[in-house]
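Worksheet for the structure shown next.
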Amino acid sequence: MTVNRPKPGAYGLSRAWFSALAAFVTALGSWTAPRLALAQADAGPTTVILVRHAEKSRPLGDHPLSREGFARARELARVLGEAGVDAIYATQYLRTQQTVKPLADLRSLPVTNLQTTENYITELLDRIRVDHPGQTVLVVSHRKTLPVIIEGLGAQPVPEITEEQYDRLYVVTVSPSGTTLMSLRYGRQTP
């Protein structure tokens, strides 16, 4: 587990000062992990669980999940079924939507579709900050974007996810005392 802790509040600055600073930074409109941490002060920690979509039936294009992929999607629902997931985000592609469907059905939660536009990662990070302070959020995305999202949340960089890796599950917890990252695996092991 990697723990990044912000420097202790020096110079006798009050909580109100930090709240005012958070409001100012929010008004600037640019994403920073410290902004998320400051916004969490009253709501408690925000937990973001991130996974890549499950195995798909064909290597290129937007194809449905394979038999192994559907099994992994059911395993994700089993693993996270009682984890208190409050919100689910997935890109618009069939493979990510099918990956989250068993959990969304189990928890009776809607899936927020992320259109993979140029700014979708920034928009996702802002939505987590604004709409889900103190909650547990699942994000299902793609092997090349997950590391960017994880770093955007303020966690340490993670190794590149290869084409063959589908079993990685990352848990990023953002709180006023810092950001933690846990890297786990679920379901059938992949390289």
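Each reported figure results from applying straightforward, stated rules to the coordinates on display, with no laboratory input. Please read all numbers here as calculations on a predicted model, not as lab measurements. When we count neighbours, we look across all protein chains shown, and the Cβ atoms used for this are built from the backbone with ideal geometry, even at glycine.
What number in nm² do you get for segment 46-129 if you take the convex hull of its Cα atoms and divide its surface by four?
Spelled out: convex hull of the Cα atoms, projected over all directions, averaged, 5.5 nm².
Can you list the residues of segment 45-63 with backbone N under 20 Å from a point 7 Å past the Cα of Arg127, pointing along Cα to Cβ?
What the label zone holds, given the 20 Å backbone N cut-off, is 46-54.
Which net charge results when you count Lys and Arg as +1 and Asp and Glu as -1 among the other residues whose beta-carbon is under 11 Å from that of Val139?
Cβ neighbours under 11 Å give a net charge of +2.
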